[in-house]
Amino acid sequence: MVEPCIQVQQLTKKFSKRTVLQNISLDIPHAKITGLLGPSGAGKTTLIKLIAGMDTPDRGKIHVLSTKMPSLNIVKRLGYMAQSDALYTELTAYDNLDFFAQLYGLKGKTKKQRINEVMELVDLTSDLRKKVSKYSGGMKRRLSLAIALVHQPEVLLLDEPTVGIDPVLRQSIWSELELLSKQGTTIIVTTHVMDEAEKCHQLAMLRDGEIIAFDTPNQLMKATEKSSIEDAFLYYGGAKA
Ligand SMILES: Nc1ncnc2c1ncn2[C@@H]1O[C@H](COP(=O)(O)OP(=O)(O)OP(=O)(O)O)[C@@H](O)[C@H]1O
């Protein structure tokens, strides 16, 4: 049997006395796009951060690429895009990308080529030399995505990657995610947007720190006899995401 790319086992996370993730278990296969869908405060960011190794669970275990998290050993194999942009605003976009690309071990021609490729992908080529402090919110989001992609990670963890991005570019980003997953990248993406949720190969629906359903979008709609993911989600007792 092929081991899942990401294994979450009986995970519990508390902040002070408040339990925000409750006994979560998930097996996430390789080379699929898995969506985490849930209303604000459901625990999506907390879960993706734990998977990325940015925080530690109170109970349970997470393995990514057969490595117990958190672990520095696989940092280079992961791409993580946080919900709030972590950018050096006094530097240009190029310098930001250059900094992260070097951290990930890219050098010389390959580094330059990758920087150009990812900036083209997020449609920022003409703003490559602009200071990030002059970027709009949507441009910063796109640059953060470019940074998460620059080292061609095997696992991509994206926390609301398309917030503030216009519909046309959003579509092209989703086409790229689809292509990356076809090429073998495992992708987890949190979203509030229902039409994005439908594009995921499988969806974990979260509510109040618990997984209320985990299946393909089609199966979720079929099982609930609903014609949209939003209605299926409401059926399972989720508030409006
Ligand atoms: N560092 C922290 N300290 C205390 N409470 C926290 C912390 N981080 C998150 N929480 C709480 O944990 C719960 C889950 O938050 P989380 O950010 O994971 O939700 P979310 O589903 O990602 O929400 P959103 O869609 O609004 O981003 C919330 O009630 C939040 O207030």
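The values are calculated or read from the model by the stated rules, or taken from the named source; none is laboratory data. In this text, all values refer to a predicted model and were calculated from it rather than measured experimentally. Heads up, the Cβs are rebuilt from the backbone with ideal geometry, glycines too, and the neighbour counts pull from every protein chain shown. With ligands, DNA and RNA removed, areas are computed over all heavy atoms of the protein, side chains included. Shrake-Rupley method; radii C 1.70, N 1.55, O 1.52, S 1.80 Å.
Laid out as a table, the results:
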item	result
Residues that are under 14 Å from Gly35 (Cβ atoms) and among the small types (Gly, Ala, Ser), drawn from the stretch 195-240	Ala197, Ala204, Ala213, Ala232, Gly238
All positions within the stretch 26-58 that are more than 16 Å from the ligand (Cβ to nearest atom), open to solvent by 70 Å² or more (accessible area, probe 1.4 Å) and over 13 Å from the mean Cα position of the chain (by Cα)	Asp27, His30
Residue in the stretch 63-78 that is within 26 Å of His192 (Cα to Cα), within 16 Å of the ligand (Cβ to nearest atom) and surrounded by 14 or more Cβ atoms within 10 Å (Cβ to Cβ) present	no
Lone unmet requirement of (1) open to solvent by 70 Å² or more (accessible area, probe 1.4 Å); (2) at pLDDT 95 or above; (3) part of a helix (DSSP H, G or I); (4) within 26 Å of Glu178 (Cβ to Cβ) for Leu97	(1)
Qualifying residue in the stretch 204-220 (condition: of a type outside the set (A, V, I, L, M), part of a helix (DSSP H, G or I) and over 20 Å from the mean Cα position of the chain (by Cα))	yes
Filter pass, Thr162 being under 17 Å from Ala82 (Cα atoms), of a type in the set (S, T, N, Q), in contact with a helix residue (DSSP H, G or I) (Cβ under 8 Å, 6 or more places away or on another chain) and outside any loop (DSSP other than H, G, I, E, B)	no
Unmet criterion (only one of (1) over 13 Å from the mean Cα position of the chain (by Cα); (2) farther than 29 Å from Ser136 by Cα) for Tyr88	(2)
